[in-house]
Amino acid sequence: MNRNFYFIGIAFFGMINGIFNQLALIFALLYVQMLAGPLLFGSLSLTLMFASLMVSTATIILGGIPAAIYERITGASESSDLSLWIWLAGTAILALPAAGNFLTIGL
C-alpha cells in the first residue's frame with residue numbers, strides 16, 4: 001500500500017477530532033483565549049480555529065506515540081507498514097469521541 005494513504009488517513013482522523021470533539025475543543029479554547037487571545041486580535045472565530053488546530057495536532061502526536069514505541073522496541077531505522085498502521089489506529093481510537101458528531105453533522 002502506498003504510504004501516502006496512511007498519512008491521509010492519519011490527517012483525516014486528526015482533523016475529525018480537532019473539529020468535532022467538543023470536550024477537547026472547549027478545553028483547548030479556554031487555554032487559547034487566555035494565552036493567545038491578544039495575538040489573535042480577540043476574535044472568537046480565530047481563537048476557535050487555533051484551538052481546533054491544537055486539538056488536531058495533539059491527536060496526531062498522541063496517536064504516534066505507540067508507533068514510536070514499537071519502532072524503538074524493534075530497532076527499525078524507518079517506519080514500516082505495521083508502524084504506520086499502529087499510528088493510524090492510534091489516531092482513529094483518539095477520534096472515536098468525535099465520530100458520533102461527525103456522522104451526525106457531517107462535513
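How large is the accessible surface per residue of the chain, computed with a 1.4 Å probe and reported in Å² as a whole number?
65
If I model a spin label as a point 7 Å beyond the Cα along the Cα-Cβ vector, how far apart are those points for Phe102 and Leu82 in nm?
The modelled label-to-label distance comes out at 2.7 nm.
Loop-only check: which chymotrypsin sites (Phe, Trp or Tyr not before Pro) in region 1-91 are DSSP coil with at most 14 other Cβ within 10 angstrom?
Phe41
Length gain on complete extension for the stretch Ser45 to Phe27, per 0.36 nm per residue less the alpha carbon to alpha carbon distance?
4.9 nm
Carbon and sulfur: what percent of region 1-64's accessible surface (1.4 Å probe)? Intermediate results must be reported in sequence, preceding the final value.
On the way: 3230 of 4060 Å².
In region 1-64, the share of accessible area belonging to carbon and sulfur is 80 percent.
Return P(r) of the chain (all Cα-Cα pairs; 5 Å bins starting at 0; whole %; ordered from short to long distances).
Taking every Cα pair in the chain, the percentages come to 2, 13, 20, 18, 16, 12, 9, 6, 2, 0.
If a helix is a whole DSSP H run, which ones in the chain reach 30 Å or further along their own axis (Cα) and hold a mean Kyte-Doolittle hydropathy of at least 0.0?
Going by DSSP H runs, the hits are 44-74.
Could you check which residue among Gly37, Gly18, Gly75 shows the biggest mean-square fluctuation in a GNM of the chain with a 10 Å Cα cutoff?
So, out of Gly37, Gly18, Gly75, the one fluctuating most is Gly75.
The values are calculated or read from the model by the stated rules, or taken from the named source; none is laboratory data. Only a predicted model underlies this, so the values are computations on that prediction, with no experimental measurement involved. Every residue, glycine among them, receives a Cβ derived from its backbone with ideal geometry; neighbour counts consider all protein chains shown. SASA here: full protein model, heavy atoms, side chains in, ligands and nucleic acids out. Shrake-Rupley method; radii C 1.70, N 1.55, O 1.52, S 1.80 Å.
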